[in-house]
Amino acid sequence: MWYKYVLLFGAVLVFNFAVVDAVVFRFTNFQCKSYNESWYVLNYYRLKAVSRDRVLLNINGTILHPAYNIQVHVKVYKKANGFKPWLFESTVDACKFMKRRYDPFLKIVHNIFKEFSNVNHTCPYVGHGVVKDFYLKPELLILPFPSGEYMLAIRWYFDKELTFDTNVSFVYMEDLIKRT
């Protein structure tokens with residue numbers, strides 16, 4: 001009887017590895033804009049294609065003055081005759097969030113990029129903020145996502161003033177038939 005559980009467990013493992021291999025999860029576009037260059041300067045931002053299925057995101061910015069009050073407005077758009085608002089939208093106090101990860105959607109986003117960034121402490125933020133060689137890992141995405149093209153728009157407010165925007169477009173495509 002026990003061998004049925006071993007076979008079932010093995011089948012689940014094989015299926016999970018096949019699903020991870022059958023997912024295309026890559027960046028397609030990246031745009032940033034600083035509205036207040038006396039507070040935040042974008043040194044560079046770019047996407048770098050290293051293979052067909054892997055595109056690396058790099059951003060380097062400098063916060064010129066200590067930031068104690070940072071609000072982040074995150075919204076996900078799905079492409080359908082242009083980008084249309086989709087399921088997730090959240091506004092979070094970034095300083096409180098870095099102390100206690102209380103927003104479940106932003107927690108998922110943070111877990112995806114935290115190992116590639118030096119933005120991993122609480123306020124105040126000052127100096128260089130870097131995201132280096134960031135690529136999307138499908139195994140970190142814990143929510144079911146329908147296939148398609150998406151845009152993650154993040155608006156950053158310092159002292160309730162819009163300081164900069166980051167917009168990242170990406171493709172999420174599950175192809176279980178062709179790759180398994």
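Worth pointing out:
- In the set (1) touching a strand residue (DSSP E or B) at 6+ places or on another chain (Cβ under 7 Å); (2) free of Cβ contacts under 8 Å to residues at least 24 places away in the same chain; (3) under 17 Å from F27 (Cβ atoms), P85 fails one condition alone, (3).
- Check on L87, part of a strand (DSSP E or B) and not β-branched (V, I, T): yes
- Qualifying residue in region 118-133 (condition: over 20 Å from V92 (Cα atoms), of a type in the set (D, E, K, R) and surrounded by fewer than 13 Cβ atoms within 10 Å (Cβ to Cβ)): yes
- Of all residues in region 63-91, those being surrounded by fewer than 15 Cβ atoms within 10 Å (Cβ to Cβ) and within 20 Å of N118 (Cβ to Cβ) number 4.
- Residues being modelled with pLDDT under 85 and either touching a Pro at 6+ places or on another chain (Cβ under 7 Å) or assigned to a loop (DSSP other than H, G, I, E, B) (or both) - total across region 104-120: 1
- Subset of region 80-94 (residues that are more than 15 Å from the chain's Cα centre (by Cα) and at pLDDT below 90): A80, N81, G82, F83, K84, P85, W86, L87
- The single condition among (1) in a helix (DSSP H, G or I); (2) of a type in the set (A, V, I, L, M, F, W, C); (3) out of contact with any Asp or Glu (no Cβ under 7 Å at 6 or more places or on another chain); (4) at pLDDT 90 or above that F97 does not meet is (3).
- Cβ separations smaller than 7 Å between residues 6+ apart or across chains give the following pairs from region 146-175 residues that are assigned to a loop (DSSP other than H, G, I, E, B) to residues that are charged (D, E, K, R): S147/E174.
The values are calculated or read from the model by the stated rules, or taken from the named source; none is laboratory data. Quick caveat, the model's predicted, so the values are computed rather than measured. Reconstructed Cβ throughout: ideal geometry from the backbone, glycine too, with neighbour counts over all protein chains shown.
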